[in-house]
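Throughout, read-outs are computed from the coordinates displayed, never taken from laboratory work. As the structure is a prediction and not an experimental result, all values here were calculated from the model. Here Cβ is always computed from backbone atoms with ideal geometry, including for glycine, and neighbour counts include all displayed protein chains.
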């Protein structure tokens, strides 16, 4: 999975109430959810999101609620990749299981806002303006789900009949 | 080498001995689905043509986030949930007014020590109060569990947190939990099992354990697990259940990624300030902080002892002019018990308004959304930007007694100043 995209840099502890406020949870289609992504940050931030297919964050991205909308609203916006120093557990699972590429890597301090980056998610290689950077790719079972486009699109093993 | 509680519980689910870091596939003992996600379960079923549920007996559905429905859209989603339950033979549907999933599943005895439970709600970690491993999952995963009866999980590493002592007067489980969040931070336990022990548990009720475990997710925890002990056994004895065993308590030689120790003697009333839960300080560090709304309820602190703690502060008094105080019992059982003990009458006499049992105002969906520029003192667990429905409002978090004391004065107030004066 090679993803080439302009970067939107965000800080630490970005929570799901900011990413997708709870009063819109009954909006079910990702394309419609996209309208409410990062609403508390205001319209100028929201317009940056639509032109930056990669988010690069600090620690603990996606903390708080289990709402899957926090992942699917970003996908509805056309976000292809989120890189963070660490993710909250449920956001991380939701991303992998919905096919949104996530990379756990300390890029935030190495790149500029709006920089163009190229990331090979499976091989663990990021090409930045300042040179190439290696990171540990996701564990094989998770990479497998991500490469199939999410949990529901991943074939179930037939052996064992379970 | 010994095992952590998480390793023991997940080994049973996996059907083999597993250790921290391992990936497993398995089916939780229960999986709970809530109204704020059930519309998406239906969407996944339509998208992938699913017309059968693998283990309907392991599923329960709760209407707690939109109860009662406040918009046609939310009402329709309740309708979708009722149809799904009928269609797939799911007999555990907890309706509008029954209460919050975490509360109902413990107070009814449905969830038992040593079980593994998933739910489309991050505060499922609260179930650790009875020695169960509870964690939140997403809705794609929920629909997948309904359909296939299995899901991947990773066995977490664990933190050992030892708490010794006894809570002093005017200091509550919430203050202890906030003290721990302050020390470990919002990212201090990401993807980890927080395993509690220590002498404090000798005097910590199941309700207080729920408050303690509930805040585990605000440090990033996957599980927060209290020891299974005499308090746990006494609790299940009420359900005529004498079979509680403590075999899923961690072994003494289990491996932990880190150890923390707390002494209750140093714990004082604490408040978390906007806009992150780990922004914690003693109540006395926030003098003259005006509030407009007080909110008592939620899976964190909406139980009988919480309502009683607030009633003890408010007895014979009136809340400050210009302050509204919203009380949302965590369940119908809590509501009923608060009527029977007289706590509810005390709260109403003091000027509180009581709403339908459920999640209430916590997530900013309904029943107490804030206006621009307002501040709320809440017994809930989150104060993120926009959390209670308005990005230009501020949410402070404290114990039920701190919430009540602050409603009395109109400013964030140490409850001991009220309790000691009466």
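Structure notes:
- By the count of other C-beta atoms within 10 Å, a proxy for reagent exposure, B:341, B:289, B:120 are ordered fewest to most as B:341, B:289, B:120.
- Per-pair calculated FRET efficiency, R0 = 45 Å: residue B:369 and residue A:6 via Cβ, rounded to 0.05: 0.80
- Taking all Cα pairs closer than 8 Å and separated by 6 or more residues, the relative contact order of chain B comes to 17 percent.
- Gap separating the Cα centres of the stretch B:97-114 and the stretch B:184-202, nearest whole Å: 22
- Residue order, fewest to most beta carbons within 10 Å, for A:85, B:336: B:336, A:85
- Fully extended contour minus Cα-Cα distance, from residue B:321 to residue B:336, at 0.36 nm per residue: 2.6 nm
- Per residue, the convex hull volume that the Cα atoms of the stretch B:59-156 enclose (Å³): 106
- For the stretch B:136-208, the relative contact order works out to 44 percent when only alpha carbon pairs closer than 8 Å and six or more residues apart are counted.
- Rounded FRET efficiency, nearest 0.05, which uses the C-beta distance separating residue B:1 from residue B:73 and R0 of 56 Å: 0.60
- For the pair residue B:22 and residue B:168, the difference between a 0.36 nm per residue extended length and the Cα-Cα distance amounts to 48.4 nm.
- Chain A, relative contact order [Cα under 8 Å, separation at least 6], %: 25
- Virtual paramagnetic centre 7 Å along Cα→Cβ of residue B:199, amide N under 17 Å, in the stretch B:132-174: B:162-169
- Label reach from residue B:268 (point 7 Å along Cα→C-beta): in the stretch B:279-311, amide nitrogens under 17 Å belong to B:280-289.
- Using the Cβ-Cβ distance between residue B:86 and residue A:51 with R0 set to 45 Å, the FRET efficiency works out to roughly 0.45.
- Rounded to 5, the percent of DSSP beta bridges in the stretch B:21-155 classed as antiparallel: 25
- Estimated inter-spin distance, residue A:125 and residue B:246, nm [label 7 Å along Cα→Cβ]: 5.5
- Stretching the chain fully between residue B:348 and residue B:290 yields a gain of 18.7 nm (0.36 nm per residue, less the alpha carbon separation).
- Of all DSSP beta bridges confined to chain B, the antiparallel ones make up roughly 20%.
- Using the rule -39500 (n - 2.57) for each DSSP H run of four or more residues, divided by the residues of the protein assembly as shown, the 222 nm mean residue ellipticity is -8500 deg cm²/dmol.
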